[in-house]
Amino acid sequence: SADLSLEATSFTAKVFVQHPGKIVVGYTPMLNVHTAHVPCRFSALLSKLDRKTGQEVEARPAQLVAGDVALVELVPLRPLVVEAFADYPPLGRFCMRDLRQVVGLGVIISVTKKRPITRALAASPVTKVRPQPA
């Protein structure tokens, strides 16, 4: 199939923040996506959105607080397969957990995936070079 599920290197998501403190770049909550539980780092806060209209209120905010809706860039710290919500809803929504509580909810807008391994690379034998004795 041409539409393979591949590991995500990063993804852009619309998040609704319920964190009791503030969220800044570098914050790493546990994301629950379908049946996966993977820590993901906030690599960029792209924009803060109006909750009712969805229009951009602030570009590149310094922090997010409870009640904010924002577009963010997330990077998984372990292998994770996700899809855009529009393409495959079960793999396109997530829950952020930290401090033993839910700190946010989100919907994935777009995904940057790892390049697939080509059949030629996958079929090639692994060769090891042994050092020659001196």
I want the local charge near Asp68. Using Cβ-Cβ distances under 9 Å, sum +1 for each Lys or Arg and -1 for each Asp or Glu among the other residues.
+2
Stretch Val25-Arg115 to full length: gain in nm at 0.36 nm per residue minus the Cα-Cα span?
29.8 nm
Cα to Cα, under 13 Å, and not fewer than 8 places away if on the same chain: which aspartates and glutamates meet these conditions relative to Lys14?
Asp50, Glu56, Asp68, Glu73
Phi angles of region 82-89, converted by Karplus (6.51 cos²θ - 1.76 cosθ + 1.60, θ = phi - 60°) into ³J(HN,Hα) in whole Hz with x for Gly and Pro, give 9, 9, 5, 4, 5, 8, 8, x
Residue-normalised accessible area of region 50-89, given per residue in Å² at a 1.4 Å probe:
63 Å²
What nm value, rounded to one decimal, do you get for the distance between Arg100 and Val57 when each label is placed 7 Å out toward the C-beta?
3.2 nm
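The values are calculated or read from the model by the stated rules, or taken from the named source; none is laboratory data. Owing to the predicted nature of the structure, the values given are computational and were not obtained by experimental measurement. Glycine also receives a Cβ, built like all others from the backbone with ideal geometry; neighbour counts cover every protein chain displayed. Heavy atoms of the whole protein, side chains included, go into the accessibility calculation; ligands, DNA and RNA do not. Shrake-Rupley method; radii C 1.70, N 1.55, O 1.52, S 1.80 Å.
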